[in-house]
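This report concerns only the one structure given below.
The values are calculated or read from the model by the stated rules, or taken from the named source; none is laboratory data. Keep in mind that what you see is a predicted model, and the values were worked out from it rather than measured. Virtual Cβ from ideal backbone geometry, glycine too; neighbours counted across all protein chains shown. Just so you know, the surface numbers come from the protein's heavy atoms only, side chains and all, with ligands and any DNA or RNA stripped out. Shrake-Rupley method; radii C 1.70, N 1.55, O 1.52, S 1.80 Å.
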Amino acid sequence: MTVRAIYENGVFRPTEPVNLPERAEVQVLLPASANGDENLDAIYRIMGAQYASGEKDVAERHDEHQP
């Protein structure tokens, strides 16, 4: 279920009625845009990581797949 809400004064307030019992515990997943730079930092960390591809010089094979 996706519930749209407004966050104010430390509380998420649904913008429409929600069919849940009182005091039900829920998990809130925020879209990437809500965290801004934190998500970009994580993406840059992943992109900057080095992986063992088995190739000693990837640039050596650069032209193999060019039209």
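Just need a number here: residues in region 27-42 that are loosely packed, with under 10 Cβ neighbours inside 10 Å, farther than 23 Å from VAL3 by Cβ and modelled with pLDDT of 70 or more.
Number satisfying all stated conditions: 0.
Report, by residue number, each residue of region 4-26 that is in a loop (DSSP other than H, G, I, E, B) and either among the β-branched types (Val, Ile, Thr) or open to solvent by 90 Å² or more (accessible area, probe 1.4 Å) (or both).
Within region 4-26, ARG4, ASN9, THR15, GLU16, PRO17, VAL18, ASN19, PRO21, GLU22, ARG23, GLU25, VAL26 meet the criteria.
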